[in-house]
1. In which sequence would Thr135, Thr143, Thr54 go, from the one with the fewest C-beta neighbours within 10 Å to the one with the most?
2. Can you list residues from other chains, or at least 5 along the same chain, whose modelled amide H is less than 5 Å from the amide H of Tyr127?
3. Measure off 7 Å from each Cα along the Cα-to-Cβ vector at Asp78 and Ser41, then give the distance between these two points in nanometres to one decimal.
4. Quick one: helix 16-70 against the long Cα principal axis of the chain, what's the angle to the nearest 10°, folded into 0 to 90?
5. Pull up all non-local amide H partners of Asp84: gap of 5 or more, or a different chain, and H-to-H distance under 5 Å with H placed in the peptide plane.
6. Can you give the longest run of the chain that contains no chymotrypsin sites (Phe, Trp or Tyr not before Pro) sitting in a DSSP loop with at most 15 other Cβ atoms inside 10 Å?
7. When the Karplus curve 6.51 cos²θ - 1.76 cosθ + 1.60 is applied with θ = phi - 60°, which whole-Hz ³J(HN,Hα) does each residue of segment 83-90 get, with x for Gly and Pro?
Amino acid sequence: MKRLLRARPGQRGFTLIEMIVSLALTSLIGLGVSTAIAQVSSQTERNTDFTAATQQAMNAIHWIGEDLQMAQTVSGTDGFPASDNLVFSWTWWDNTVYTITYSLVDGVLTRSYDDGASNHTTLVAEYVNDDPELTYCTSDNETYGISVTIGIGTGPHAVMITRSRDVAARPHL
């Protein structure tokens with residue numbers, strides 16, 4: 001064992017320059033790896049926000065669109081979301097009157113369902129932008145236009161997603 005640890009004649013260790021160069025190269029590699037990890041982490045957060053915003057906007061468009069297709073009367077399209085709620089109602093085959101009310105308060109869109117016997121309120125979407133230029137419902141003869149904008153995050157990582165849909169009004173039967 002002592003023979004292995006003993007220096008052979010003519011062998012020497014690393015020079016100071018070689019040690020400094022190897023330390024500098026190791027530091028550069030470590031810096032590159034830590035930068036890559038920070039980028040992946042930042043992009044993962046942005047992707048998560050993008051997915052959440054898209055899902056929220058699609059959910060809002062789906063529910064409002066489905067209820068608009070059933071509605072026999074629609075009110076609130078002129079002022080939604082700034083001053084009015086969206087209110088849809090229809091009468092079912094058994095003369096049950098259904099009323100659906102969409103309210104937007106502090107970025108939270110809720111759907112209240114009333115069939116005369118029970119009343120339920122459901123969260124439809126969060127982070128809804130209440131700017132009437134970005135989130136609105138319009139009426140043009142027999143067609144309704146819906147647009148919902150969801151904003152998640154702040155600063156350079158903010159994500160804004162807008163989803164829109166045109167819905168034909170229910171024919172007068």
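1. Thr143, Thr54, Thr135
2. none
3. Simple spin-label model gives 5.3 nm for this pair.
4. 10
5. Close amide H contacts, sequence-distant or interchain: Gly79.
6. Values: sites that count: Phe14, Trp92, Trp93.
Excluding the exposed sites themselves, the longest stretch runs over 94-173.
7. 10, 10, 8, 7, 10, 10, 8, 7
Read-outs throughout are calculated quantities, based only on the coordinates presented, and are distinct from any laboratory measurement. Note that the coordinates shown come from a computational prediction; the quantities given were computed from them, not determined experimentally. Heads up, the Cβs are rebuilt from the backbone with ideal geometry, glycines too, and the neighbour counts pull from every protein chain shown.
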